Amino acid sequence: MNSWRSKLVNETSIKPWKNLSYKLSDSVIQHLIDMHHSGKFDYEDITFTGNYQGIDVVDVDVGPDFGYFDHTSVPSLTQDLEQIPSLVAIDKVTVVTVEPNKYIVPHIDAYKDNFRRSVILFPIMPIQKYYAPLQFNPGAQKVSYSSSILINTDQEHFCKNNDYWRMNLQLWLTQPYEEIYNLVK
Ligand SMILES: [Fe+2]
């Protein structure tokens, strides 16, 4: 039992997600969808392969892409992010898309050079009733979110996408989940 999962899966008793009240404005959501359709994101395939603190991380073929972009260029997005308390240090902002019917295999977000401990997610598309839930192990608990959510990326999670392109905005946080949990609402 010396796999990376057994070492890194968080044993905290706090459930690994917290639904939040923060919202993106409709114009920001539409702008991000337009950027996606016009090829303005620099998508890059990712794999969960690497090494974190001496532990091999071997999940591969997760399917989605990260879109790195200058979020300050999106009108109103900077103002929207001012809803987040300033004690929450945002390391980076990305857009992540998942192709239709892709399976993001169970993983924790520990892979070389890009380690993050927790993340705040905003759904972008499709509209909520079609937005595939995130799932947490143990138990494959299904988690839906309509405005925003904080999740513990130290705990194993996955997503089975449906027939729609799935896209969210992600605020990468290097602070542990437990530290952020009581700062956000
Ligand atoms: Fe993840």
Please work out which residue is farthest from the ligand (Cβ to nearest atom), limiting yourself to the range 95-117 and to residues that are aliphatic (A, V, I, L, M) and touching a strand residue (DSSP E or B) at 6+ places or on another chain (Cβ under 6 Å). V95
Which of (1) of a type in the set (S, T, Y); (2) without any contact (Cβ under 8 Å) to a residue 40 or more places away in the chain; (3) exposed (fewer than 14 other Cβ atoms within 10 Å of the Cβ) is the odd one out, the single condition Y131 does not satisfy? (3)
Pairs with Cβ under 6 Å, 6+ apart, first in the range 31-46 and farther than 9 Å from V95 by Cβ, second of a type outside the set (G, A, S) and at pLDDT 90 or above: H31/V74; I33/M125
Can we say F158 is surrounded by fewer than 18 Cβ atoms within 10 Å (Cβ to Cβ), in a strand (DSSP E or B) and under 15 Å from the mean Cα position of the chain (by Cα)? yes
Please give the number of the condition Y145 fails out of (1) under 24 Å from F41 (Cβ atoms); (2) in a strand (DSSP E or B); (3) under 13 Å from the mean Cα position of the chain (by Cα). (2)
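Let's see how each residue does on (1) in a strand (DSSP E or B); (2) away from the ligand (no atom under 16 Å from the Cβ); (3) not β-branched (V, I, T):
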{"position": "V119", "(1), (2), (3)": "yes, no, no"}
{"position": "G139", "(1), (2), (3)": "no, yes, yes"}
{"position": "I151", "(1), (2), (3)": "yes, no, no"}
{"position": "D154", "(1), (2), (3)": "no, no, yes"}
{"position": "N162", "(1), (2), (3)": "no, yes, yes"}
{"position": "Q175", "(1), (2), (3)": "no, yes, yes"}
{"position": "E178", "(1), (2), (3)": "no, yes, yes"}
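The values are calculated or read from the model by the stated rules, or taken from the named source; none is laboratory data. Only a predicted model underlies this, so the values are computations on that prediction, with no experimental measurement involved. Please note: Cβ atoms are built from the backbone with ideal geometry, for glycine as well, and neighbour counts cover all protein chains shown.
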